[in-house]
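Written below as structure tokens is the structure these notes are about.
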Amino acid sequence: VSLLTIGSCLPSFIANAEESSATEQTFTVVFTIQLDSSKPEELSELEIECHPDWAPGAAARFRELVELGFYKDSPFFRVLPGFIAQFGISADPSFNKQWMYCDTSDAEAVKLCKQPLPDEPRKVPNKKGTLSFASSGKNSRRTQVFINLVDNSGLPNFLDGQGFVPFARIVRGEDIVKKLNDEYKGNVNQGKAAYYGKEYFEKVFPRLSVIRDAKILWE
């Protein structure tokens, strides 16, 4: 089963900033999630333990995106029961333009475009509750992340064999993941979502579960 990102239409570049700046210290990220679009006052928390020792580049990229606010108001746009729940298209189109694709008609915009992550060796399996970056081929990980809803390491999905590399795991809120809205399955057009951001999500897929906030927990 493919876990494609819109980067499949774009050239891949090799980046090393995340690897060079990554530390081995585990850190925690907390997502504040609105499960039901009709109940904005009802928010739930998902606690994610990130492991640079599993995948330093992925952990550093995720941390950078969280600190930037990339995932704020970002929906779980692809929820497939018995498989994965995917997020990572920003509600802010300007973030997507910089991190997900480049406006090649604008030389200055190209300079600001962030490079995808180079591939890393997998150290742990894609077990239930782990998080991995989605990709579209060699050296193509950018911003999209999926949560393994089941053990996807072997049969029937073989994500380990396809090169998906876990960098984090859920330590609190697994019950929340089970409640994510899955009515739209994989019907979101990722290209349109990246280009229009929040406007597209709210008009076309208004009932998606949404990450209202994402933050690093400091000890």
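From the residues in segment 30-72 that are among the hydrophobic types (A, V, I, L, M, F, W, C) and part of a loop (DSSP other than H, G, I, E, B), which one is most open to solvent (accessible area, probe 1.4 Å)?
Top of the filtered list is LEU43.
Since GLY82 meets every condition but one in (1) more than 15 Å from LYS215 (Cβ to Cβ); (2) touching a Phe, Trp or Tyr at 6+ places or on another chain (Cβ under 8 Å), which condition does it not meet?
So GLY82 meets the others, but not (2).
Given the conditions (1) assigned to a helix (DSSP H, G or I); (2) of a type in the set (Gly, Ala, Ser); (3) within 14 Å of the chain's Cα centre (by Cα), which single one is not true for SER94?
Only one criterion is unmet by SER94, namely (3).
Residues of segment 197-219 being over 15 Å from GLN34 (Cβ atoms) and surrounded by fewer than 17 Cβ atoms within 10 Å (Cβ to Cβ), which ones?
Passing the criteria: GLU199, LYS203, VAL204, LYS215, ILE216, LEU217, TRP218, GLU219.
Against the condition over 18 Å from PHE76 (Cβ atoms), modelled with pLDDT of 95 or more and surrounded by 15 or more Cβ atoms within 10 Å (Cβ to Cβ), how does ASP160 come out, does it pass?
Yes.
If you go through segment 100-117, how many residues are under 17 Å from LYS138 (Cα atoms) and either open to solvent by less than 50 Å² (accessible area, probe 1.4 Å) or assigned to a helix (DSSP H, G or I) (or both)?
4
Do we have GLY186 as over 23 Å from ARG61 (Cβ atoms), over 17 Å from the mean Cα position of the chain (by Cα) and small (Gly, Ala, Ser) here? Spell out how you get there, then give the answer.
Working: over 23 Å from ARG61 (Cβ atoms): yes; over 17 Å from the mean Cα position of the chain (by Cα): no; small (Gly, Ala, Ser): yes.
The answer is no for GLY186.
The values are calculated or read from the model by the stated rules, or taken from the named source; none is laboratory data. Here the structure is a predicted model, which is why all the values come from computation and not from measurement. All Cβ positions, even for glycine, are placed from backbone atoms using ideal geometry, and neighbour counts span all protein chains on display. For accessibility, only protein heavy atoms count, side chains too; no ligands or nucleic acids. Shrake-Rupley method; radii C 1.70, N 1.55, O 1.52, S 1.80 Å.
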